[in-house]
Amino acid sequence: MRVVPVEGGLRIDFLEPSGSQSIPPHPPMATMASETEDSGFPAVIELNVGGVFYTTSRATLTKVPTSLLGQWFGGPLSTGPFRDSKGKFFVDRDGVLFRYILDFLRDQRVVLPENFHERRRLRHEAEYFNLPGLIAKLDSPGPPGYIIIGYRGTFAFGRDGLADVKFRKLTRILVSGRVNLCREVFGETLNESRDPDRGSDCRYSARFFLKHNFLEQAFDMLQEAGFRCVAAAGSGTSCGGAGEPMKPGMDSEENRWNHYNEFIFTRP
């Protein structure tokens, strides 16, 4: 500061210290201001996705410009979704699965928890948001391994009008393989009550069986998980020994057709 006498009074001049430089605006604040001015969206966006609240950046939501989220939040404010009563942008989709959508947008990777049984639903969400990169990752097969499906069965006989008919009759579908693979494929349909060992998921077990007796359903679940059948073996029919008592609920004709089959599935 410098005081200079002038006619009729004094003048005060404020001087900058020598060597001082003006401080530029803070870059993040400048970026935030420009984003708000250019698009009308704030840099940090609050979302209400199906009743689940998220807070993320506009940069994350627009990471894939061709996606639905990129089109919503990459253009002017009028193109985005409407707001709820609390001012959050409302998206009418599955709020729980949306966390994996955000994870993919942040890192271009998706890490699903063990025993995740909603891969198909997550893929449907990825299709809705137009994220082909996430779809490709979800379609890629999981870790390689083998699963063996076995069953003991026979044929139940009956009459349909005047014709004799036979129905496949299964007592139980057995599952053998690495525990984490069996859980991944069969999920809640896997019965683990006969398996006494509750150790690591990387162990192997031959004590699992399914809660249903639909062989085709088991095959469908294996196919959806990327497994394919590479071998099968059957025991053929068994007439039983002479004088051998029959099991309750089984007649002599069913006893003649007892058999045991196994199918080996692999995921390379």
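Structure above, values below:
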item	result
Summed side-chain charge close to Phe227 - residues other than Phe227 whose Cβ falls under 15 Å, Lys, Arg +1, Asp, Glu -1	-1
Stretchable slack from Ala136 to Phe116, in nm (0.36 nm times residue separation minus alpha-carbon distance)	5.5 nm
Charge context of Glu46, other residues only, Cβ under 10 angstrom, K/R +1, D/E -1	+2
Dipole of segment 51-169, positive end: most advanced residue of Ile101, Asn130, Ser67 [Cβ charges, Cα centre]	Ile101
Highest-first arrangement of 99-111, 122-134, where packing means the average Cβ count within 10 Å	122-134, 99-111
Bridge type composition, segment 42-148 - antiparallel percent by DSSP, nearest 5	70
Distance between segment 99-154 and segment 160-230 - C-alpha centres, whole angstrom	20
Computed FRET value (nearest 0.05) for Arg172 with Arg203, which takes r as the C-beta separation and R₀ as 22 Å	0.50
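Quick note: the coordinates plus some simple rules give every number you see, no bench work behind them. What you are looking at is a predicted structure, and each value in this text was computed from that prediction instead of being measured. Positions of Cβ are backbone-derived with ideal geometry, glycine not excepted, and every protein chain shown enters the neighbour counts.
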